[in-house]
There are 2 protein chains.
Amino acid sequence: MVADLNDFVYKEVLGGDPTRKSLFILLEKGEEQAVLICNKEAFEEDANLIPKWLKSAKLHLLTENDKYGNYEMALDPELNLLKTTLIYPANAFDIQKYRRQEFFILYETPEDYKNITCNYLVETKQFENLKWVYNFLDKKSEEERIIYENPDKHEGFILAPDLKWNGTNLDELYFLAVAHRRDLHSIRDLTPNELPLLENIRDECAKTIEEKYGLKKSQLKMYFHYQPTFYHLHVHIVHIKYEAPGLSCTSVLLDTVIENLKIYSDFYTKATLPFLRKENDPLYKKFVEAGRV
Amino acid sequence: MVADLNDFVYKEVLGGDPTRKSLFILLEKGEEQAVLICNKEAFEEDANLIPKWLKSAKLHLLTENDKYGNYEMALDPELNLLKTTLIYPANAFDIQKYRRQEFFILYETPEDYKNITCNYLVETKQFENLKWVYNFLDKKSEEERIIYENPDKHEGFILAPDLKWNGTNLDELYFLAVAHRRDLHSIRDLTPNELPLLENIRDECAKTIEEKYGLKKSQLKMYFHYQPTFYHLHVHIVHIKYEAPGLSCTSVLLDTVIENLKIYSDFYTKATLPFLRKENDPLYKKFVEAGRV
């Protein structure tokens, strides 16, 4: 336990996220290193708390124009806390994890999928390391978290909250629908044959979530990631407001997939699919080696 | 000018953005109302500043597990300022602007576009109120901001920084490429006939930005909005890291558009296109009236 950072020496900023107001700092204490993760806290929308911190506010005028005044506002420190994690002692792996990395966008053609991605996925056993998903589908674990199931082995799925959701704040509602079929790895494998499964997920999840949480389908984003984090077909279902970091060009809406397959049956065997990778990512390196970046 | 808020009475939270750590508060002073917009500031990554605020840090332990310690951190108020705007006196329009509104996702079929959207766009003269764009294309205004032009009237465009960009922080780089053609309103109008224009935008903008800013094409996101903010064909070009709020399901990558048109020439006349609207938006209301939500 640490009460202040006076024994630590500032070394460098490893990285951060200005949008979400976080910062990762490398510190040193003697021979040892530490990573300090700092996050500005979101405001608590608590009618008991807000008048208290407003009372402590000191305003310094920056600019003024008619009825608009821009200020810097200083608050009582205890009413404007940061949420912080100190990893100490930190090893090279910890430090690497928080070190800034550049992102790149890749465009995977069907040929790239066959020649680069698929080989990589087979080599790294991505189609095999799915025991935790099968445990879930077989109800060997997490059964209590299931809120809905369509048990059909070909057109069915299981719906459960994602672990990232605290279960109470509707603005951050996050569910996963996981298909029972085990031969579908990602949207690349989808054909019109899968339309009943996809429509079941869309319609039955919307109905279940509306009944349980009062949110309409038009208040939900239902989408696939490409590339997915794990290669067993699943759909993310989140509140329309919820913004998962870095996803803006790598999520494909379930409704878009359904419509594309209805109009062009071969869409996902012909489409070029964009995805994002960090510079140290092995799949990114394979694309670079193949001259595809 | 205001030095503290002791004369103001807290009324209610109008809205906010927990991801970006902002909050909009309604205040009252006598008969008058005020809107207070509070933003936690992003950390300045300044090696002179960070050691100073680290020195002022007081840590309160929350949980500890092996080398991971979670703390609340209190800082000197002047080293942890909020950026604040006070609108005072605020009128009903100011208040409405910051009041929380629900978002909805709509799925526009080609029939919806013809029967609902197009009628609405014509009624509200969206295809006509483009004088500012034409001034720009005719170099009657903002000429000094142009960093590249392909002057061809059919396959050319102008490239200039978006006003949202400060011109220095590369992580937030933001350009707009605006087509010279005046008969293209959005991606709905795109056919293989536009491929040379789209490929010119993609290739020439990538080249120009790489030469001027050292960023590769794979570090840029080039995309259309659907619906666009203004109905004259333009492409947003931003740093891959830059996350514009609320866009995750309404941006369509330029490369995706090009590939779709190459494979399916009629793609954008057949596709169902998703877009987001707030509950008070007139186009949203038209879709509701037509029973399409």
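The values are calculated or read from the model by the stated rules, or taken from the named source; none is laboratory data. Note that the structure is predicted; figures quoted are calculated from it, not measured. Every residue, glycine as well, gets a Cβ built from its backbone with ideal geometry; the counts of neighbours run over all protein chains shown.
Output the helices (runs of 4 or more DSSP H) that fall wholly within segment A:178-284 and possess 3 or more residues being facing another protein chain (nearest Cβ under 10 Å) and free of Cβ contacts under 8 Å to residues at least 12 places away in the same chain, or say none. Show your work before the answer.
Numbers: elements: A:195-213, A:254-263, A:267-270.
Those helices (runs of 4 or more DSSP H) span A:254-263.
B:VAL122 passes every criterion in (1) surrounded by fewer than 13 Cβ atoms within 10 Å (Cβ to Cβ); (2) among the hydrophobic types (A, V, I, L, M, F, W, C); (3) within 14 Å of another protein chain (Cβ to nearest Cβ) apart from (3). Among the criteria (1) closer than 22 Å to B:ALA160 by Cβ; (2) buried (at least 20 other Cβ atoms within 10 Å of the Cβ), the one B:ALA271 does not fulfil is (1).
The set of residues from segment A:114-128 being closer than 17 Å to A:THR229 by Cβ and in contact (Cβ under 8 Å) with a residue 60 or more places away in the chain comprises A:THR117, A:TYR120, A:LEU121, A:THR124, A:GLN126, A:PHE127.
The residues in segment A:14-39 that are in a strand (DSSP E or B), more than 20 Å from A:VAL2 (Cβ to Cβ) and within 9 Å of another protein chain (Cβ to nearest Cβ) can be counted, and the count is 2.
Within segment B:46-65, none of the residues are modelled with pLDDT under 95, within 30 Å of B:THR272 (Cβ to Cβ) and touching an Asp or Glu at 6+ places or on another chain (Cβ under 8 Å). For the residues A:ASN129, A:ASN150, A:ASN135, the requirement of being of a type in the set (S, T, N, Q) and either under 18 Å from A:PRO282 (Cα atoms) or within 14 Å of another protein chain (Cβ to nearest Cβ) (or both) singles out A:ASN129.
Of all the criteria given as (1) in contact (Cβ under 8 Å) with a residue 24 or more places away in the chain; (2) touching a Pro at 6+ places or on another chain (Cβ under 9 Å); (3) not small (Gly, Ala, Ser), the one not satisfied by B:ARG145 is (1).
Which residues, taken from segment A:181-193, are surrounded by fewer than 20 Cβ atoms within 10 Å (Cβ to Cβ) and either touching a strand residue (DSSP E or B) at 6+ places or on another chain (Cβ under 9 Å) or within 14 Å of A:TYR223 (Cβ to Cβ) (or both)?
Going through segment A:181-193, the residues surrounded by fewer than 20 Cβ atoms within 10 Å (Cβ to Cβ) turn out to be A:181-185, A:189, A:191-193.
A:ARG181 - this is the single residue of segment A:181-193 that is surrounded by fewer than 20 Cβ atoms within 10 Å (Cβ to Cβ) and either touching a strand residue (DSSP E or B) at 6+ places or on another chain (Cβ under 9 Å) or within 14 Å of A:TYR223 (Cβ to Cβ) (or both).
Considering only residues in segment B:40-73 that are part of a strand (DSSP E or B) and basic (Lys, Arg), the one that is farthest from the other protein chains (Cβ to nearest Cβ) turns out to be B:LYS58. Scanning segment A:74-90 for residues being assigned to a loop (DSSP other than H, G, I, E, B) and in contact (Cβ under 8 Å) with a residue 24 or more places away in the chain gives a total of 5.
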